[in-house]
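All of the numbers you see were taken from the coordinates with simple rules; none came from a lab. These numbers come from a predicted model, not from an experiment. For neighbour counting, all protein chains shown are included, and Cβ atoms are generated from backbone atoms with ideal geometry for every residue, glycine included.
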Amino acid sequence: MSRSNEAFWWSLFAAGGVLGALFIPVLVLLTGFWLPTADPVEAAEHYTHLVELLGRWPVKILLIAVIGLSCFMCAHRIRHTLMDLGLRGHARAISLACYGAAILGALASVLLVARI
Amino acid sequence: MAGEKRITLEIFRYNPEDGGEPFFQSYEVEYLNHWVVLDAINWIKDEIDGTIAHRWTCRMGVCGSCGMMVNGEPKLSCHSLLRDYAPGPVRVEPLQHFPVEKDLMIDKSGFMERLAEVKPYIIRDDVNDTGNGEYLQTPAQIAAYHEHSMCINCMLCYAGCPVMSLEPAFLGPAALALGQRYNLDSRDKGQAERVDAMSGDEGLWGCTFVGECSVVCPKHVDPAGAIQKGKIAAAKQWYANFIKPKGAKK
Ligand code: FES
């Protein structure tokens with residue numbers, strides 16, 4: 001039906017947007033504020049607990065999805081912003097750079113999270 | 001005229017036939033509390049300067065013909081109270097993103113062609129003759145498309161949409177919302193006929209979800225919402241097509 005591959009990239013963008021809106025504020029609060037400001041002994045406990053949690057595959061998959069799809073969300077938004085800023089003549093190069101970076105980011109998230 | 005207060009209107013003037021450049025002409029108007037921008041323009045045209053060209057019909061936000069840029073924003077001039085712009089001046093221009101025919105009148109033909117492209121009518125093979133009764137719908141089936149069906153074709157959304165200025169071939173908010181309105185109608189079977197026009201790069205995917213169309217829409221049609229629904233449907237279809245065996249693809 002759809003004649004444009006934009007549908008595919010948009011669906012990754014949309015999925016990344018939804019997951020990002022749900023999970024990223026929580027993750028930022030947890031790892032950016034709550035853990036660093038907690039009592040060191042307690043924080044160490046929480047940290048061990050978090051690492052344990054990340055050892056489970058369902059959690060790993062969720063984290064990979066959040067990070068990977070967020071990469072695609074950013075790539076799609078940046079691509080459209082660059083085009084809107086007047087770089088339509090370089091559409092191909094911009095797509096390659098943006099989505100290429102997102103694919104690398106997603107792969108990196110798989111490798112890094114899988115090793116935890 | 002029993003005016004109460006005074007305000008200045010700066011009206012965009014342009015006549016391609018006399019070869020002149022566009023300019024702004026100021027008119028001072030005494031206005032009554034209930035006057036809208038359109039009342040002032042009509043008064044100027046009747047009493048001061050009969051050469052101004054502008055469109056209007058119903059004066060009640062129904063016909064959609066009086067859209068103009070009022071102080072830089074797309075507005076129905078019959079729905080814009082002058083007193084809200086006091087002490088003025090009020091700058092009145094033709095809707096942006098359209099070619100100007102004369103003064104405040106824009107050329108609508110591009111918009112009309114876009115409307116036709118999305119086939120904004122119910123399409124199905126088995127046309128009922130009236131003797132067989134109506135096509136019934138549940139309240140939920142009506143609710144699925146109702147808000148998107150309130151469009152009066154005023155084109156304010158085209159003037160509001162920044163994509164229109166960057167991508168002049170973009171199908172635009174009203175046409176996409178109208179196409180989606182019929183796609184969402186349970187009586188309609190014409191999705192496949194609309195898909196070429198709607199799902200291309202100049203259709204749904206041209207939209208970057210700025211959302212200004214829904215902000216300026218005087219009828220709460222929510223074209224931005226309609227377009228996002230269209231994107232979800234098109235994305236589902238893309239995946240369905242992708243997993244279909246090669247031979248079954250259209
Ligand atoms: S004159 Fe009809 S909508 Fe304004």
Percent relative contact order for chain A, counting Cα pairs under 8 Å at least six residues apart, stands at 35 percent
In debye, nearest 20, what is the charge dipole magnitude of the stretch B:109-243 about its Cα centre with +1 on Lys and Arg Cβ and -1 on Asp and Glu Cβ, if you could check? 260 debye
Please report the net charge: other residues with Cβ closer than 15 Å to the Cβ of B:Arg59, K and R +1, D and E -1. +1
Please identify, among B:Met155, B:Met198, B:Met60, the residue showing maximal mean-square fluctuation in a Gaussian network model of chain B using a 10 angstrom Cα cutoff. B:Met60
Any chance you could tell me what percent of the C-alpha pair distances in the stretch B:5-106 go past 15 Å? 58 percent
Gain upon complete extension [B:Lys5, B:Ile142; 0.36 nm per residue less C-alpha separation]: 44.7 nm
Counting other C-beta atoms within 10 Å, which of A:Cys98, B:Cys213, B:Cys63 has the fewest, and how do the rest follow? B:Cys63, A:Cys98, B:Cys213
Can you tell me the convex hull volume per residue for chain B, based on C-alpha atoms, in Å³ to the nearest whole number? 173 Å³
At 0.36 nm per residue, and after removing the present C-alpha to C-alpha distance, how many nm does the segment from A:Leu107 to A:Arg92 gain when stretched out fully? 3.2 nm
Exceeding 31 Å between C-alpha atoms, which entries from my cross-link table qualify? They are B:Lys45/B:Lys119; B:Lys189/B:Lys219; B:Lys5/B:Lys108; B:Lys45/B:Lys108. B:Lys45/B:Lys119; B:Lys5/B:Lys108
When DSSP beta bridges are limited to those with both residues in chain B, what percentage is antiparallel, rounded to the nearest 5? 85 percent
Beyond 32 Å, what share of the Cα-Cα pairs of the protein assembly as shown remains, rounded to the nearest whole percent? 51 percent
Residue order, fewest to most beta carbons within 10 Å, for A:Val28, B:Val216: A:Val28, B:Val216
Just to confirm the number: angle between the C-alpha axis of helix A:40-54 and the first principal axis of chain A, 0 to 90 degrees, nearest 10? 50 degrees
For the stretch A:9-114, what is the charge dipole size about the Cα centre, in debye to the nearest 20, if Lys and Arg each add +1 at the Cβ and Asp and Glu each add -1 at the Cβ? 660 debye
Which of A:Ala102, A:Ala91, A:Ala38 moves most in a GNM of chain A, Cα contacts under 10 Å? A:Ala38
Against the longest alpha carbon principal axis of chain A, how many degrees, from 0 to 90 and to the nearest 10, is the axis of helix A:57-82 turned? 40 degrees
Taking B:Leu171, B:Leu156 and counting other C-beta atoms within 10 Å, the order from fewest to most: B:Leu171, B:Leu156
Span per principal axis, largest first, for the Cα atoms of the stretch A:9-114 (Å): 56, 26, 19
So for the pair B:Cys63, B:Asn132, with labels modelled 7 Å out along Cα→Cβ, what separation do we get in nm? 3.9 nm
Quick one: among B:Ile152, B:Ile48, B:Ile11, which has the greatest mean-square fluctuation in a GNM of chain B with alpha-carbon springs under 10 angstrom? B:Ile48
Distance in Å, no decimals, from the C-alpha centre of the stretch B:47-84 to the one of the stretch A:48-116 is 48 Å
Enter the mean number of other protein chain beta carbons within 10 Å of the beta carbon of each residue in B:201-214, as an integer. 3
Could you tell me which GluC sites (Glu not before Pro) in the stretch B:109-160 are loop residues by DSSP with no more than 11 other beta carbons within 10 angstrom of their beta carbon? B:Glu134
What is the mean number of Cβ atoms from other protein chains located within 10 Å of the Cβ atom of each residue in peptide B:229-235, rounded to a whole number? 5
